[in-house]
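Inspection log for the structure reproduced underneath, given as structure tokens.
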Amino acid sequence: MYVVDWTDFFFTDLFQSLAQLENLCKQLYETTDTTTRLQAEKALVEFTNSPDCLSKCQLLLERGSSSYSQLLAATCLTKLVSRTNNPLPLEQRIDIRNYVLNYLATRPKLATFVTQALIQLYARITKLGWFDCQKDDYVFRNAITDVTRFLQDSVEYCIIGVTILSQLTNEINQADTTHPLTNLLKQASGKNLNLNDESQHGLLMQLLKLTHNCLNFDFIGTSTDESSDDLCTVQIPTSWRSAFLDSSTLQLFFDLYHSIPPSFSPLVLSCLVQIASVRRSLFNNAERAKFLSHLVDGVKRILENPQSLSDPNNYHEFCRLLARLKSNYQLGELVKVENYPEVIRLIANFTVTSLQHWEFAPNSVHYLLSLWQRLAASVPYVKATEPHMLETYTPEVTKAYITSRLESVHIILRDGLEDPLEDTGLVQQQLDQLSTIGRCEYEKTCALLVQLFDQSAQSYQELLQSASASPMDIAVQEGRLTWLVYIIGAVIGGRVSFASTDEQDAMDGELVCRVLQLMNLTDSRLAQAGNEKLELAMLSFFEQFRKIYIGDQVQKSSKLYRRLSEVLGLNDETMVLSVFIGKIITNLKYWGRCEPITSKTLQLLNDLSIGYSSVRKLVKLSAVQFMLNNHTSEHFSFLGINNQSNLTDMRCRTTFYTALGRLLMVDLGEDEDQYEQFMLPLTAAFEAVAQMFSTNSFNEQEAKRTLVGLVRDLRGIAFAFNAKTSFMMLFEWIYPSYMPILQRAIELWYHDPACTTPVLKLMAELVHNRSQRLQFDVSSPNGILLFRETSKMITMYGNRILTLGEVPKDQVYALKLKGISICFSMLKAALSGSYVNFGVFRLYGDDALDNALQTFIKLLLSIPHSDLLDYPKLSQSYYSLLEVLTQDHMNFIASLEPHVIMYILSSISEGLTALDTMVCTGCCSCLDHIVTYLFKQLSRSTKKRTTPLTQESDRFLHIMQQHPEMIQQMLSTVLNIIIFEDCRNQWSMSRPLLGLILLNEKYFSDLRNSIVNSQPPEKQQAMHLCFENLMEGIERNLLTKNRDRFTQNLSAFRREVNDSMKNSTYGVNSNDMMS
């Protein structure tokens, strides 16, 4: 079918390595020995990077005896054609494309995974070469012709053809290439598929996958997060409109669902999910109503014949389909559908039945609750006169959820099943949805909860008083109460979604009273026994209660407080806060060894300490004063050095001391005696560590635990002290007395991130000039001394961490990159804090600044480019530091070696296209500073001045002149993003662009001509005019006034270009125009 000559890169001496490669493949894919597999993987990675990889891959495909060697060859070829540096020549890529098609055509019986890998290779070559020309011919655009030959052959070739189309649809990122697929679908399906013929099931499966991929295609380049698929809108091209207006299209998929074998049904439903989500603007109002009517009829038919829904996959996809009914259509549109009353009844019955069978497909419940949550939230806004009937069915759904969770407790305990309460994330997600559903017809929800709670609470109390009560019965009632406390917290939190009435506040009061009474009962038993899940539910309830009823915005005349006063004697917010603090202290006393409860309890304390009015009321409570005066392990066990726990379990101490710090600051003022009294336990800890370090032999584990706990405590206090007076007390306490201990810890334990990370984070917090708290007196050298300590720590850690050698990929972040990232953040905070004049270091021969900057460069060069963007925290800390360096220390950047400068420029170039807007904006700022510096130095060099350029500036200019392609590439990238992409930070992009244009005027002119010429002939004049307008009134300087004018011109330019291209008959590839 295809003829190809690969002799140009085929060498006879490669036969010797064939057996060795096949053996490595076998070891990689078949061996159970981890060491052997890792060695094989390493050897094959080296093979992939070898110069003769291409020829060896052909040898493996031609002569390999195993499917694994064929898979390796296909995978390696895919990597080769995908690489951006040193890409394969066009002729070789054409040869590989033809060879792959010929290979597939002559070997239809390949292993499935080999066929898939080869098709992936073909799709990748086609995608990357879509705009490559050979003698005015777009050589990779004949994909349709290539595939048609497969589709016209037997069924097994037809499957290959459809799979190619399916993979190609996934690969390509230009919507235009999918237009012919509708015709190809008809051609491929024109084989009169017999649904009962098993030999044709493979073709049916591939056709459905192709359809699904087409409907899943990212037509406008939004790349939505898959985790939020229930919010997705499918941006179908307008040219497909007729297919969706034709009711037979929807009917076809619903008929298929009822006709085909159950194993294919989920894929049909997946297609229907996407069809139900087509953009609203595809239809006018009448067409949308008709389309929705057909969709609802299809859903009704499935609900009336639910036999296939017993399959979990079908059930899951159908739940997703139901959720899309409300995510893409308004309640006012749904109620106008002819069969709405019957359909909403069927959906309600289906939901109730699903909730009652809680053990079946629990992950699908999210979609059903999502549907009812959106329906309930829409009730206040629906304007249609037709009844929505949700007041009838929503309480049924609420009741089914609550009762089914309670009934599940006994079965789970009896049969030892997995408890849903273990998955707190899933529970919280469902409760968030229920909070809205339960607020619809809230009187019924409340009455149900009161009834069920009273029953369970009474039974629980009776069991506790009974000497013969079985532990199982007690556990069942505790489980039921856990669910009820969670649900009560959720529905109280749901108040924020609805306009609440006094009557509903009074109902909330009834629920709150019951939970607080239960809390009193369980707390009284904590000395004997406690239930962790019930305690976590209580904390969830307190968090919701705090959000709604405690704080500056809450009306204290609320009926809820009246009810609390009547039942529990809690007359005002201060008394309620005392209950909160009492519970917090009780938890910390009895649950100090339980990390989940401790961390959530401390988070509650932290949240309470943030509010302006609540923190002032808290400080007046005797319990809070007790905490401020007795924060030791004697009273709070989690502050102790527990040899059984992990060092990372001490993280909650930072939260605790942040809250204590805020509480202390309320009345601290300038009272140094009160501050020193508060710091006594921490002073003792520091002295203990100093004592240990002063001896030659000490208990290392004890020293680590004491120090890590201490620095976590201090970081919490440092974070809370955001006023100058209080922060200066802390600074004078720690410096110079205790700073050497921190330095010594880094020196000793640099290889243990559990120790170094807390120390580095504390230092980063101490140098952070938050709220201008680091303001030293004019006669004080403390700013310079603080930076010296910072430099010493960065240098010591950096030099030692680089001695670790090669670190396994899966541990590189934890062992190395995390610490480096914190050092970058620390250096950035110190350099941008405005409390040090960095000019004095060089003036007085102090090498602190040089040491810190040189260590930064050494650390940076030890990090591969890919890691800079792969780890979000590292990329944010690196680019924010680089922004400060290019702004204030450009002479240092200019003095670097050429390879270091190229590394930094490459990292900026890659960061410009990062998904993280902060990183992208930071890169724009860095580039702007560099370009401005370059432009100023060039301007100076052309003027007759007595002062020559500095040596650094002269070298930097020379390097840039030797490598103009780097700046030109960034000009291309920035212009590309502004013209062709959804540019979310246009202002930031505009700032470096003017400098880039002025430095590369000829290249910009060529680029402009290339873009203009790539437009359709009738659009070229308009595009040319856009570029003319862009530079209109712009002078050859980078003064602020000129920059601002350019930014305004750019906004108009982008708008005009978008308008011009909207009506274009074919798009311009954003990657091609820069090539």
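Data for the structure
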| read-out | value |
| --- | --- |
| Residue in the range 568-586 that is charged (D, E, K, R) and modelled with pLDDT of 90 or more present | yes |
| Answer residue from the range 520-539, given it is small (Gly, Ala, Ser) and assigned to a helix (DSSP H, G or I) and is nearest to residue 599 (Cα to Cα) among those | 537 |
| Near pairs, Cβ below 9 angstrom, 6+ apart or cross-chain, from the range 353-364 (closer than 10 Å to residue 315 by Cβ) to any residue that is assigned to a loop (DSSP other than H, G, I, E, B) | 354/360; 354/361 |
| Residue check, residue 391 touching a residue at least 12 places away in the same chain (Cβ under 8 Å), open to solvent by 10 Å² or more (accessible area, probe 1.4 Å) and in contact with an Asp or Glu (Cβ under 6 Å, 6 or more places away or on another chain) | yes |
| Residue within the range 462-471 that is free of Cβ contacts under 8 Å to residues at least 60 places away in the same chain, in contact with a Pro (Cβ under 6 Å, 6 or more places away or on another chain) and at negative phi present | no |
| Single residue of the range 896-936 satisfying the filter (of a type outside the set (A, V, I, L, M, F, W, C) and without any contact (Cβ under 8 Å) to a residue 40 or more places away in the chain) that is surrounded by the most Cβ atoms within 10 Å (Cβ to Cβ) | 897 |
| Selection from the range 725-756 of residues that are among the acidic types (Asp, Glu) and closer than 30 Å to residue 815 by Cβ | 747, 752 |
| Whichever residue in the range 54-97 is among the polar types (S, T, N, Q) and under 24 Å from residue 969 (Cα atoms) and, among such residues, is modelled with the highest pLDDT | 82 |
| Top-ranked residue in the range 138-180 [being among the charged types (D, E, K, R) and either at pLDDT below 75 or farther than 22 Å from residue 88 by Cβ (or both); ranked as most open to solvent (accessible area, probe 1.4 Å)] | 149 |
| Yes/no for residue 734 being within 19 Å of residue 681 (Cα to Cα), open to solvent by 10 Å² or more (accessible area, probe 1.4 Å) and aliphatic (A, V, I, L, M) | no |
| Meets criteria (within 24 Å of residue 398 (Cα to Cα), in contact with a Gly (Cβ under 8 Å, 6 or more places away or on another chain) and surrounded by fewer than 22 Cβ atoms within 10 Å (Cβ to Cβ)) for residue 503 | no |
| Residue selected from the range 770-820 under the condition of a type in the set (Val, Ile, Thr) and part of a helix (DSSP H, G or I), by the criterion farthest from residue 881 (Cα to Cα) | 803 |
| Close pairs (7 angstrom Cβ cut-off, 6 or more residues apart or separate chains): within 17 Å of residue 721 (Cβ to Cβ) in the range 774-795, part of a helix (DSSP H, G or I) and open to solvent by 40 Å² or more (accessible area, probe 1.4 Å) anywhere | 775/724 |
| Which numbered condition residue 496 misses (of (1) modelled with pLDDT under 95; (2) surrounded by 24 or more Cβ atoms within 10 Å (Cβ to Cβ)) | (2) |
| Those residues of the range 85-103 which are in a helix (DSSP H, G or I) and without any contact (Cβ under 8 Å) to a residue 60 or more places away in the chain, in sequence order | 90, 91, 93, 94, 96, 97, 100, 103 |
| Failed criterion for residue 776 (all others in (1) open to solvent by 30 Å² or more (accessible area, probe 1.4 Å); (2) modelled with pLDDT of 90 or more; (3) among the hydrophobic types (A, V, I, L, M, F, W, C) hold) | (2) |
| Among (1) farther than 17 Å from residue 1046 by Cβ; (2) assigned to a helix (DSSP H, G or I); (3) open to solvent by 50 Å² or more (accessible area, probe 1.4 Å), the one test that residue 1019 misses | (3) |
| Single residue of 885, 957 found to be over 32 Å from the mean Cα position of the chain (by Cα) and assigned to a helix (DSSP H, G or I) | 957 |
| Those residues of the range 978-1004 which are at pLDDT below 85 and open to solvent by 10 Å² or more (accessible area, probe 1.4 Å), in sequence order | 980, 981, 982, 983, 984, 985, 986 |
| Cβ-Cβ under 8 Å pairs, at least 6 apart or on other chains, the range 658-671 side among the β-branched types (Val, Ile, Thr), far side in a loop (DSSP other than H, G, I, E, B) | 658/609 |
| Qualifying residue in the range 552-568 (condition: within 19 Å of residue 482 (Cα to Cα), part of a helix (DSSP H, G or I) and open to solvent by 40 Å² or more (accessible area, probe 1.4 Å)) | no |
| Residues within the range 283-296 that are farther than 15 Å from residue 249 by Cα and in a helix (DSSP H, G or I), tallied | 3 |
| Number of positions in the range 105-139 that are part of a helix (DSSP H, G or I), touching a residue at least 60 places away in the same chain (Cβ under 8 Å) and of a type in the set (A, V, I, L, M, F, W, C) | 1 |
| Output for the range 833-870, where each listed residue is in contact (Cβ under 8 Å) with a residue 12 or more places away in the chain, under 26 Å from the mean Cα position of the chain (by Cα) and open to solvent by 50 Å² or more (accessible area, probe 1.4 Å) | 869 |
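The values are calculated or read from the model by the stated rules, or taken from the named source; none is laboratory data. Since the structure is predicted, the reported quantities are computational estimates derived from the model, not experimental observations. FYI the Cβ positions are ideal-geometry reconstructions off the backbone, even for glycines, and counts take in every protein chain you see. To get the accessible areas, we keep the full protein, side chains included, count just its heavy atoms, and leave off ligands, DNA and RNA. Shrake-Rupley method; radii C 1.70, N 1.55, O 1.52, S 1.80 Å.
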